[in-house]
Amino acid sequence: MERHFFGTDKNGNEIFKYTLTDINGNSISVINYGATIQSIVVTDKNGVKKDVVLGFDNLEQYENNYDRTYFGAVCGRVANRIQNGEFFIEGEKFTLPKNSGDNCLHGGIDGFDKKFFDLTDAEDDYMTFSTFSHDGEEGFPGNLSLSVKYTFRNGLLMIEYMANTTATCPVNLTNHTYFNLDGSGDIKNHKLQLNSHFYMEVNEDGLANGCVLPVEGTCFDFTNETAIGPHIENAKELRPSINGIDHHFFCDNALSEYRKFGTLTASDDSLKMDIFTNQCGAQIYTGNFIPNMIGKGKNLGENSGVAIETQFAPNNLNYSHLASMLLHRGETYYHKTGYKFYF
């Protein structure tokens with residue numbers, strides 16, 4: 001593992017970029033600000049090495065990213081939206097910051113994407129980052145301890161999350177990496193296949209409303225490999241305020257512990273990425289509101305990448321028919337997701 005100084009954050013913490021390189025020369029770099037995946041460099045079938053994730057090459061851009069694109073960051077305590085920025089546990093009301101209209105998004109104003117993480121363990125092919133969230137932070141109850149382990153070997157990135165709490169609280173973690181297997185441009189000509197026959201409807205503000213619908217006959221049908229672009233355009237017509245796809249897709253065989261969720265393919269078929277998870281599904285977000293900016297020397301903007309955020313069904317605290325994200329004292333939250341690059 002290599003370590004390079006990346007900057008000092010606004011709280012005086014030293015931020016480093018840690019890089020793992022596998023036997024084929026592919027690499028992943030993570031900074032301990034938000035346990036953020038800063039780059040993934042892989043070789044395609046033409047022998048070309050390319051960085052296939054969006055991000056920045058300096059800490060200042062991550063800290064001052066007021067558009068909150070969440071490039072590569074761990075999101076929590078609760079990824080996605082919580083309705084009205086509030087929830088109840090055994091009749092007690094908890095109030096959270098409303099940082100997305102009337103809703104709380106990705107843990108609030110100072111979510112895990114803005115936290116300092118310690119590197120607590122590392123070898124040649126893995127690194128583990130840890131952080132602590134105190135009782136009442138962003139309105140959430142209980143002291144929460146979190147570790148995130150990144151393992152990278154033979155083109156496979158494995159992310160494992162473990163968390164414990166001192167009081168019952170919702171926990172729904174994810175990683176918000178945006179993938180672009182072409183290395184640049186937009187992802188409209190990427191092809192996507194998902195083992196998902198159901199998705200969750202959203203309101204005008206992007207909030208999942210608990211309504212689980214079949215994908216068949218809709219712009220959310222990726223059961224067969226298909227180019228993403230036409231689906232984005234059809235989704236815009238269906239819900240203009242969302243400007244594309246930003247929906248939760250349920251993984252088939254949801255009771256299985258760890259299984260393949262789908263495959264993303266580069267526009268020219270030079271690179272593929274399989275997605276695996278033990279979660280019930282993933283939020284697919286086609287970068288509908290990425291502003292025009294420069295990231296790692298590339299021009300970024302709308303649809304520059306697609307995020308595949310494995311997680312619990314969003315906003316499930318308000319719907320009894322969905323599996324609960326509540327973590328109780330004495331329990332351990334465990335979330336495992338894999339991304340396999342190949343050609």
Task: Residue that is least open to solvent (accessible area, probe 1.4 Å), among those in segment 286-306 that are under 14 Å from Gly244 (Cα atoms) and out of contact with any Gly (no Cβ under 8 Å at 6 or more places or on another chain) - done: Gly301
Open item on the list: List the strands (runs of 3 or more DSSP E) inside segment 76-169, counting only whole elements, that have at least 1 residues being within 30 Å of Ile23 (Cα to Cα).
Closed with: 118-122, 126-133, 144-153, 156-165
Open item on the list: If I ask for residues that are more than 26 Å from Gly107 (Cβ to Cβ) and of a type outside the set (A, V, I, L, M, F, W, C), which ones from segment 175-204 would you list?
Closed with: Asp182, Gly183, Ser184, Gly185, Asp186, Lys188, Asn189, His190, Lys191, Gln193, Asn195, His197
Open item on the list: Looking at Phe249, Phe261, Phe179 in this structure, which one is farther than 19 Å from Leu322 by Cβ, open to solvent by less than 10 Å² (accessible area, probe 1.4 Å) and modelled with pLDDT of 95 or more?
Closed with: Phe179
Open item on the list: Please pick out the residue among Lys49, Lys45 that is without any contact (Cβ under 8 Å) to a residue 40 or more places away in the chain, on the phi < 0 side of the Ramachandran plot and more than 21 Å from the chain's Cα centre (by Cα).
Closed with: Lys49
Open item on the list: If I ask for residues that are open to solvent by 40 Å² or more (accessible area, probe 1.4 Å), under 18 Å from Asn172 (Cα atoms) and not aromatic (Phe, Trp, Tyr), which ones from segment 113-135 would you list?
Closed with: Lys114, His134, Asp135
TODO: Out of the residues in segment 63-75 that are at pLDDT 95 or above and in a loop (DSSP other than H, G, I, E, B), state the one that is farthest from the chain's Cα centre (by Cα).
DONE: Thr69
Task: Hits in segment 73-105 - residues which are of a type in the set (Lys, Arg) and either open to solvent by less than 50 Å² (accessible area, probe 1.4 Å) or closer than 13 Å to Met325 by Cβ (or both) - done: Arg77, Arg81
Task: Asp110 open to solvent by 10 Å² or more (accessible area, probe 1.4 Å) and in contact with a Lys or Arg (Cβ under 6 Å, 6 or more places away or on another chain) - done: no
- [ ] Answer yes or no: is there a residue in segment 195-217 that is open to solvent by less than 10 Å² (accessible area, probe 1.4 Å) and within 18 Å of Val52 (Cβ to Cβ).
- [x] no
Open item on the list: Take the residues in segment 29-57 that are surrounded by 21 or more Cβ atoms within 10 Å (Cβ to Cβ), of a type in the set (A, V, I, L, M, F, W, C) and in contact with a Ser or Thr (Cβ under 7 Å, 6 or more places away or on another chain); name whichever of them is farthest from Leu181 (Cα to Cα).
Closed with: Val30
Open item on the list: Condition check: open to solvent by less than 10 Å² (accessible area, probe 1.4 Å), among the acidic types (Asp, Glu) and either under 22 Å from Gly244 (Cα atoms) or out of contact with any Phe, Trp or Tyr (no Cβ under 7 Å at 6 or more places or on another chain) (or both). Does Glu309 satisfy that?
Closed with: yes
- [ ] Examine segment 82-103 for a residue that is of a type in the set (A, V, I, L, M) and within 29 Å of Gly155 (Cα to Cα), and state whether such a residue exists.
- [x] no
TODO: Report yes if Gly210 is at positive phi and either more than 20 Å from the chain's Cα centre (by Cα) or β-branched (Val, Ile, Thr) (or both), otherwise no.
DONE: yes
TODO: Look at segment 289-337 and say how many of its residues are in a loop (DSSP other than H, G, I, E, B) and farther than 25 Å from Gly229 by Cα.
DONE: 14
Open item on the list: So Glu60 ticks every box in (1) part of a loop (DSSP other than H, G, I, E, B); (2) open to solvent by 60 Å² or more (accessible area, probe 1.4 Å) but one. Which box is left unticked?
Closed with: (1)
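The values are calculated or read from the model by the stated rules, or taken from the named source; none is laboratory data. Given the structure is predicted, the values throughout are model-derived calculations rather than measurements. Glycine gets a Cβ as well: all are built from the backbone with ideal geometry, and neighbour counts include every protein chain shown. Side chains included, ligands, DNA and RNA excluded: accessible areas come from the protein's heavy atoms. Shrake-Rupley method; radii C 1.70, N 1.55, O 1.52, S 1.80 Å.
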